[in-house]
Structure formats: structure tokens, C-alpha cells
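All remarks here apply to the structure that follows.
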Amino acid sequence: MLIAALVVAGAAGCTEQPGKAENASCQASAQADEGNVRTDRWDPPAELPDLGDYVEIHWQRRASGDPCDRAPGPTDWEYQGIVKLRPADAKDLAERYDWSAVGPSPDPNELDTPAQMWDALAPFVPAGVHWRHSKVYDQEEPQARWRRFYFDPEQAVGFFALYDH
């Protein structure tokens, strides 16, 4: 009888789930990582074709799901960034694709327009930007990730959104 009482009392005190501390640590690390604005060059560069040897880039990534989930399988990622091009590369890019003006308030049903830019990237967008969009550019090979790219040729700046698929 004493042993049964000790087993019941011990089981009642075991409310901590295995791996809960690791998951909390992983969640905190993932949130901190999502807040980071990266400045390392995009790799592989072919995912953002025809940008040339750009001057600078600022980008972030976010998990589409739970990167700390213990279920097997990959985590899909979303990426957004601002890229500053050299003037000659901006001119070449403007001439290579058919770019259409984007209004100040793009269609709210469109995903990943500059209107949905993540807050930490907004400071890297120059004032007075006039975005243009090319569906042909978005569909350019390679297509390892779903791509959306907006571009202001006069200011030589681009906004990109990429999704794993």
C-alpha cells in the first residue's frame, strides 16, 4: 500500500513534459532568428536572376510552420529582402524585362507586395520609391522557390519575396 501511494504521488508531481524545455529554447531561438536582418549575399544567386553584383542586400527569413516541431520532415521558409543594385545593373534589368507600374495600394488579394513588407525591412527602402513588377521576371528559371520581385529602376532598388515549395 505504501509503494502504491508513493507511485501515485510521484506521478502527480511529474507534470513536466519531456522535451518541453528544449522546445521553449528552440522557440525563443527561432523568434530571435526571425528578427535578424541579414546582410550576407543571397545564395544561390540564381534565385534572384539578373541582379548583377549588387551594392547591398538586407533580408529576413521566417518559418512557414513550426521549425521546432519534432515531427519528421522539412520546414518551409519565407524570405523577404531589399536589394540595392548598381546603376548599370538596374538599367540592364529594366531593359531585360517588361515592368508594369504598381499603384500605391496594390490589390490586397495579392501576396507579398511591398505593402506586406516586414517592418524591419522598411527602413532600407528609399523615400519616394515607385515600384514596378514583372510577371516574366517572377517566372524566370530557376524556380527552386516561388518568387515575387518588385523593382524601382530609377532608385536601383528591389524588393523580393521567396517561398520554399
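Every number here is computed from the coordinates shown, using simple stated rules; none is lab data. Since this is a predicted model, take the numbers as computed values, not measurements. Neighbour counts run over all protein chains shown; Cβ positions are idealised from the backbone, glycine included.
Could you tell me the extents of region 39-164's C-alpha atoms along the three principal axes, largest first, rounded to whole Å?
47, 29, 26
Return ARG38, ARG132 ranked ascending by Cβ neighbour count within 10 Å, so the fewest neighbours appear first. All intermediate terms of the calculation are to be shown ahead of the outcome.
Values: ARG38 14, ARG132 19.
Result, fewest neighbours first: ARG38, ARG132.
Where the only charges are on Cβ atoms (+1 Lys, Arg; -1 Asp, Glu), what is the dipole of region 39-164 about its Cα centre, to the nearest 20 debye?
Values: 13 positive and 24 negative charges, 33 e Å.
Here the size comes out at about 160 debye.
Taking the Cα-to-Cβ direction at ASN36 and at ALA127 and moving 7 Å from each Cα, how far apart do the two end points lie in nm?
Here the modelled spin labels are 3.3 nm apart.
What spacing in nm lies between the two simple spin-label points modelled at CYS26 and ASP76, each 7 Å away from Cα in the Cβ direction?
Inter-label distance under the simple model: 1.9 nm.
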